[in-house]
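Asker: One structure is given below, represented as structure tokens, and several questions about it will come after.
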Amino acid sequence: MIGAEQIKVNFETFNGVLEANFKGERLKKLKILTETLKERMMFAPASTKDWFNNAFPGGYLDHVLRVNKIANQLHNLYVWHKANIESYTEEELNFVSLF
């Protein structure tokens, strides 16, 4: 479980990730989407099955933010190892991990 303050922080963090990773028309549309779905996104559980991961109010954004963080950590590890990362852009990586 997470508290109301953390739920608010998670939504603000999510919007910060959007601002940091998207530009132009895509950012504008994503901001409209997140503002339209704000309450739903803030309070949704990651699952409706209570025995699954983050099945509590606010669990969705908590989960999505951790997925995004890990995706970027893996990307940085691939870069460090000089792995083939030409098959995707960082914007695509962030879009997929957030949505």
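Asker: State, as an integer percentage, the relative contact order of the chain based on alpha-carbon contacts under 8 Å between residues 6 or more apart. Show your work: numbers first, answer last.
Answerer: Working: 96 pairs, mean separation 25.1, N = 99.
Relative contact order for the chain comes out at 25 percent.
Asker: Considering only protein heavy atoms and a probe of 1.4 Å, how much of the accessible area of the chain is carbon and sulfur, as a whole percent?
Answerer: Working: 4000 of 6830 Å².
Carbon plus sulfur share of accessible area: 59 percent.
Asker: Okay, moving on. Would you please state the base-10 log of I(q)/I(0) at q = 0.10, 0.17 1/Å for the chain, with intensities from the Debye formula using one equal scatterer on every alpha carbon?
Answerer: Calculated log10 I(q)/I(0) at the listed q: -0.31, -0.81.
Asker: With everything on Cα atoms, drop me the angle between helix 59-80 and the longest principal axis of the chain, reported from 0 to 90° to the nearest 10.
Answerer: Once rounded, the angle reads 10 degrees.
Asker: All other residues with a Cβ under 14 Å from the Cβ of Gly24 taken together, and with Lys, Arg as +1 and Asp, Glu as -1, what is their net charge? List each step's numbers first, then the result.
Answerer: Working: positive: Lys23, Arg26, Lys28, Lys29, Lys31; negative: Glu19, Glu25, Glu91.
Its environment carries a net charge of +2.
Asker: With a 1.4 Å probe and every protein chain left in place, work out the accessible area per residue of the chain in Å², rounded to a whole number.
Answerer: Details: 6830 Å² over 99 residues.
Computed with neighbouring chains in place, this is 69 Å² per residue.
The values are calculated or read from the model by the stated rules, or taken from the named source; none is laboratory data. Remember, predicted model here, so these are calculated numbers, not experimental data. Using ideal geometry, Cβ is built from the backbone for each residue, glycine included, and neighbour counts are taken over all protein chains shown. For accessibility, only protein heavy atoms count, side chains too; no ligands or nucleic acids. Shrake-Rupley method; radii C 1.70, N 1.55, O 1.52, S 1.80 Å.
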